[in-house]
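**Student:** The following block contains the structure, expressed as structure tokens.
The values are calculated or read from the model by the stated rules, or taken from the named source; none is laboratory data. Just so you know, these numbers come straight off a predicted model, no measurement behind them. For neighbour counting, all protein chains shown are included, and Cβ atoms are generated from backbone atoms with ideal geometry for every residue, glycine included. For the accessible areas, the whole protein counts, side chains as well, though only heavy atoms, and no ligand, DNA or RNA atoms are used. Shrake-Rupley method; radii C 1.70, N 1.55, O 1.52, S 1.80 Å.
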Amino acid sequence: DAGITQSPRHKVTETGTPVTLRCHQTENHRYMYWYRQDPGHGLRLIHYSYGVKDTDKGEVSDGYSVSRSKTEDFLLTLESATSSQTSVYFCAISENVGANVLTFGAGSRLTVL
Amino acid sequence: EDQVTQSPEALRLQEGESSSLNCSYTVSGLRGLFWYRQDPGKGPEFLFTLYSAGEEKEKERLKATLTKKESFLHITAPKPEDSATYLCAVVYGQNFVFGPGTRLSVLP
């Protein structure tokens with residue numbers, strides 16, 4: 001997937017436990033994004049990063065936090081997972097902001113019981 | 001509210017049966033419209049970007065067109081390997097807004 005690796009690819013956890021998803025890129029792109037995809041909804045932006053230690057919220061950021069300590073890594077953390085956070089999570093990267101092609105990872109399927 | 005809708009939700013075609021998918025949007029200040037293909041268990045894969053009304057892009061059996069309020073993805077003589085979910089997304093400002101997708105099945 002064009003130099004983007006997401007881990008883990010599948011995870012089952014229990015309500016109230018913390019979860020961290022990792023996105024690793026080898027493209028040296030400045031912008032990184034976390035989306036969630038649910039049936040009947042389009043991809044929805046959770047958080048994005050425009051540089052090391054520079055992040056901002058998307059439309060569905062409640063219950064999620066992110067960190068980017070290196071250009072290549074973007075972490076998504078659910079501090080206390082809830083069943084409503086059961087979803088497929090996609091990381092994406094782009095060279096520039098706005099009307100620039102997003103390249104997506106293969107996704108991480110998270111199930112919160 | 002800025003919104004992107006896609007129709008139909010699902011489409012079943014026989015191999016060789018041409019058809020079109022629709023993406024309608026209400027965002028103002030459009031900076032680009034994107035089409036992606038998504039196979040089961042995978043991330044979306046970029047197909048086309050369109051920037052202005054009247055613009056067309058082609059790739060193999062796919063052709064994307066853009067008007068002021070909608071885009072069409074025309075599929076000519078589809079093959080089973082064209083089966084996938086097709087997503088459109090519009091860009092306004094710095095944000096992407098994705099539609100829910102059209103699930104296309106092409107039967108042999």
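**Student:** Which percent of the accessible heavy-atom area of chain B goes to carbon and sulfur, probe 1.4 angstrom?
**Tutor:** Here carbon and sulfur together make up 47 percent of the probe-accessible area.
**Student:** Give me log10 I(q)/I(0) at q = 0.12, 0.26, 0.28, 0.31 Å⁻¹ for the range A:1-56, Debye formula, one equal scatterer per alpha-carbon, no solvent.
**Tutor:** Reported log10 I(q)/I(0), two decimals: -0.37, -1.26, -1.27, -1.26.
**Student:** Mind checking which lysines have their C-alpha under 28 Å from B:K79, skipping anything on the same chain fewer than 8 residues away?
**Tutor:** Of all the lysines, those that pass the test against B:K79 - Cα under 28 Å, at least 8 places apart if same chain - are B:K42, B:K57, B:K59, B:K63.
**Student:** Measuring from label point to label point, each 7 Å out along Cα→Cβ, what is the B:S18 to A:T77 span in nm?
**Tutor:** Here the modelled spin labels are 5.5 nm apart.
**Student:** Could you name the aspartates and glutamates whose alpha carbon sits less than 20 Å from that of A:K53, not counting residues in the same chain fewer than 8 places away?
**Tutor:** Reachable aspartates and glutamates: A:E27, A:D62, A:E72, A:D73, A:E79, A:E95.
**Student:** What residues qualify as long-range amide H neighbours of A:A81, i.e. H under 5 Å apart, gap of 5 or more or another chain, H built at 1.01 Å from N?
**Tutor:** A:G16, A:T17, A:V19
**Student:** Return the loop-located trypsin sites (Lys or Arg not before Pro) in the range B:15-86 (DSSP other than H, G, I, E, B) with at most 13 other Cβ atoms within 10 Å of their own Cβ; answer none if there are none.
**Tutor:** Counting only loop positions with at most 13 other Cβ atoms within 10 Å, the trypsin sites (Lys or Arg not before Pro) in the range B:15-86 are B:K68, B:K69.
**Student:** Based on C-alpha coordinates, I'd like the Rg and Dmax of the protein assembly as shown, in Å.
**Tutor:** 17.5, 51
**Student:** Å³ per residue of the Cα convex hull, for chain A?
**Tutor:** Given the Cα convex hull of chain A, per-residue volume reads 92 Å³.
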